[in-house]
Amino acid sequence: TASLQLVVVNDALSDTLKTKLEAATVTYSFNGASYTESAVDLGLITDVEDVLTSAMLYEKSGPYFDRQKKLKTAAKDGVSYDITLSADEAKVASAVAAMASDHEVPATEPQMTFNPEPAEGQDTISWSDEVSGLSIDQPAMVSAILAAVTSGDFDLGEVKTAVLAPEHTKAEMAESVVKLSEYTSFFGYGTYDDDDRVFNIKLMSQTLTGHSLEPGETFSVNDTTGERTEDKGWKAGNTIRKGVLVEDLGGGVCQVSSTLYNAVLLADLGIVERHNHSLFISHYPIGRDATVSWGSADFKFRNDTGKPLTIRSWTDG
């Protein structure tokens with residue numbers, strides 16, 4: 001145990017005793033930075049209450065003449081007491097656990113980058129490296145604090161650390177994430193491909209990309225985009241209605257849903273709902289289109305791969 005020697009003259013010194021206790025600190029370094037924690041915050045305790053009780057009873061015990069002698073001694077020379085600092089291991093461990101969470105440097109999982117136009121020799125999907133995290137080795141720090149209480153040296157120096165491993169490695173992710181299928185259709189070259197239709201195709205592509213489906217989950221184009229209205233940015237572009245070309249908000253979105261339909265077919269996913277156009281469009285083979293219309297026709301498919309599934313969609317040119 002470490003001792004702090006104090007002189008007690010009367011009860012008024014209790015505040016001084018508590019101030020000295022609160023001033024007791026433990027210093028340590030972690031990950032290149034220095035920190036200071038109070039003995040109270042680290043769960044260290046003292047017998048200060050017992051000392052104060054003894055001090056208050058000092059001149060109140062024993063025969064009358066002994067009590068008077070004690071009073072004279074205290075008034076002239078003071079009376080010394082030792083405050084013993086000790087550690088409750090369970091309290092220290094709890095305090096260290098709470099403190100360690102504030103210092104933890106979490107591990108970084110590998111992140112996927114999707115490049116729709118990879119350079120020669122590059123893949124469409126690439127992954128960043130995983131990075132290990134860092135945390136305080138809690139059992140080691142508890143032991144260091146307990147040892148400091150015994151030695152009286154509360155400068156712990158650089159505390160031991162524990163490595164936090166990421167859940168996945170770059171190699172694991174590169175092996176587990178694969179492209180199931182892809183399909184490309186072309187736009188912007190026909191007489192009905194006005195600027196607004198082209199705009200809607202790009203907006204639809206941006207809206208669909210990045211959506212993920214858990215195993216067994218069904219994807220709906222209409223639920224994903226919501227009603228295609230002017231205040232959401234959709235424009236009036238050429239679309240097919242009852243076998244003729246007309247202008248309607250969101251005209252062009254069916255090309256994106258039909259392109260998605262072809263990719264879904266190639267991935268052998270479960271088709272839940274699909275409707276043909278009333279007019280054949282040569283962007284896809286006959287019978288391989290999927291028209292959508294808010295409130296009626298929708299294109300839906302189900303992820304029956306047993307694995308999470310992500311849609312990537314992009315336009316270029």
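The values are calculated or read from the model by the stated rules, or taken from the named source; none is laboratory data. Remember, it's a predicted structure, so these values are computed and weren't measured experimentally. With ideal geometry, Cβ positions are generated from the backbone for all residues, glycine too; neighbour counts draw on all protein chains shown. With ligands, DNA and RNA removed, areas are computed over all heavy atoms of the protein, side chains included. Shrake-Rupley method; radii C 1.70, N 1.55, O 1.52, S 1.80 Å.
The phi-based Karplus calculation (6.51 cos²θ - 1.76 cosθ + 1.60; θ = phi - 60°) puts the 3J(HN,Hα) values of region 227-234 at 5, 8, 10, 5, 5, 8, x, 6 Hz, whole numbers, x for Gly and Pro.
If R0 is taken as 30 Å, the Cβ-Cβ distance between ILE311 and ILE286 corresponds to a FRET efficiency of 0.75. Show the residues, 5+ positions off or on another chain, whose built amide H is closer than 5 Å to the amide H of ALA236. The answer is GLY250.
A straight line joining the Cα centroids of region 97-124 and region 128-167 runs 25 Å.
In the structure shown, do any of LYS69/LYS91; LYS170/LYS235; LYS202/LYS300; LYS202/LYS307 have a Cα-Cα gap over 31 Å, and if so which?
Working: LYS69/LYS91 42 Å; LYS170/LYS235 42 Å; LYS202/LYS300 20 Å; LYS202/LYS307 28 Å.
In this structure, LYS69/LYS91; LYS170/LYS235 lie more than 31 Å apart at Cα.
Ranking of TRP314, TRP127 by solvent-accessible surface, largest first: TRP314, TRP127 (1.4 Å probe, protein heavy atoms only, all chains present). Summarised as an ellipsoid, region 135-180 has semi-axes of 43, 8, 5 Å, derived from the eigenvalues of the Cα gyration tensor scaled by 5 and square-rooted, with the largest first.
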